[in-house]
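The values are calculated or read from the model by the stated rules, or taken from the named source; none is laboratory data. Note that the structure is a prediction, hence the values are computed from the model and not measured. Here the Cβ is made from the backbone with ideal geometry for all residues, glycine too, and neighbour counts use every protein chain on show.
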Amino acid sequence: MVINGFDTWQAAAEVKRFVGYVPGEISFPDTRSGRTFLKMQLAMLKCSHSPVVNELIDTFKIDTTADLKRMSKGMKQKVALVCAFMTQPPVLLLDEPTTGLDPVMRDAFIDLVKRVKEGGTTIIMSSHMFNELEPTCDRIGFLHQGKLIDVLDQARIHQIHQTKRVTMVFRHMKDFQRARQAPTSVGTVKDGVLTVRQTLTPNQLPQWLGQVKNYDLLDLQIEPLSLDYYFSQKIN
């Protein structure tokens, strides 16, 4: 693998100077505290302690005096994030970077990624959380069984969200049977509840709206097609 013209095996030390990395499994060396670890990392990279380090510590609300080995999973993850971002590297490799973070810290992470991205940083991130990828990534690739099966840019993601998933619950069997005949419709009957789910493109919506007004419905839900659903359809 080559990054910035450097072979990652032949020039590992050089590559580490301009790449920030968060591994999927966090394992720290036997150091007393988060502060000691961060100082050690800065020394290894021949960088000085800068205001950016303090800003990141404040952003993720880390007690750097705490013993690393006694930190929770979430706190260790935050230390790893500070370590990756603190030297403002031009390249970031992030493997499941929000593991163990609460929703507030996830939002802080997303804001941070957006900010450094605007500054020109190249970011490669793996995650199973599409709500983290959509607001941050220019392109999203789908991996299944070790193979890249699809790549979406923002225009394609927007197009997918224009497609709607419709869930209808019917009062009468005759309406249920009519609705389930439509293309892309799937009907189920469970505990007497008559449900039809349908996927509609923007072009199909006007015709569907003309039909649905004639149904006697108990419930109706319309939501944008999610990337989770799109991915599940790609692998099934």
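Take ALA108 and tell me if it is under 30 Å from PHE130 (Cα atoms), in contact (Cβ under 8 Å) with a residue 24 or more places away in the chain, small (Gly, Ala, Ser) and touching a strand residue (DSSP E or B) at 6+ places or on another chain (Cβ under 7 Å). Spelling it out, it is not the case that ALA108 is under 30 Å from PHE130 (Cα atoms), in contact (Cβ under 8 Å) with a residue 24 or more places away in the chain, small (Gly, Ala, Ser) and touching a strand residue (DSSP E or B) at 6+ places or on another chain (Cβ under 7 Å). When PRO97, PRO103 are checked against the criterion of being within 23 Å of MET40 (Cα to Cα), assigned by TED's automatic domain parsing to the domain that holds SER27 and within 20 Å of the chain's Cα centre (by Cα), a single residue qualifies: PRO97.
The listed residues are CYS83, CYS47, and the only one of them that is over 15 Å from SER127 (Cβ atoms), not in a helix (DSSP H, G or I) and not hydroxyl-bearing (Ser, Thr, Tyr) turns out to be CYS47. Among the residues of segment 224-236, those that are in a helix (DSSP H, G or I) and of a type outside the set (Asp, Glu) comprise LEU227, TYR229, TYR230, PHE231, SER232, GLN233, LYS234, ILE235.
Looking across segment 7-25, the residues that are surrounded by 18 or more Cβ atoms within 10 Å (Cβ to Cβ) and not small (Gly, Ala, Ser) come down to VAL15, VAL19, VAL22. Among the residues of segment 1-44, how many are assigned to a loop (DSSP other than H, G, I, E, B) and either among the polar types (S, T, N, Q) or in contact with a Gly (Cβ under 8 Å, 6 or more places away or on another chain) (or both)? Residues flagged as assigned to a loop (DSSP other than H, G, I, E, B) and either among the polar types (S, T, N, Q) or in contact with a Gly (Cβ under 8 Å, 6 or more places away or on another chain) (or both) within segment 1-44 amount to 5.
Restricting ILE235, ILE160 to those that are of a type in the set (A, V, I, L, M, F, W, C), touching a residue at least 40 places away in the same chain (Cβ under 8 Å) and loosely packed, with under 12 Cβ neighbours inside 10 Å reduces the list to ILE235. Among the numbered conditions (1) at pLDDT 95 or above; (2) part of a strand (DSSP E or B); (3) out of contact with any helix residue (DSSP H, G or I) (no Cβ under 9 Å at 6 or more places or on another chain), the only one that LEU143 does not meet is (1).
Residues in segment 197-227 that are charged (D, E, K, R) and surrounded by 12 or more Cβ atoms within 10 Å (Cβ to Cβ): ARG197 alone. Take the residues in segment 176-185 that are of a type outside the set (Ser, Thr, Tyr) and either in contact with a Phe, Trp or Tyr (Cβ under 6 Å, 6 or more places away or on another chain) or surrounded by 11 or more Cβ atoms within 10 Å (Cβ to Cβ) (or both); name whichever of them is modelled with the lowest pLDDT. My answer is ALA182.
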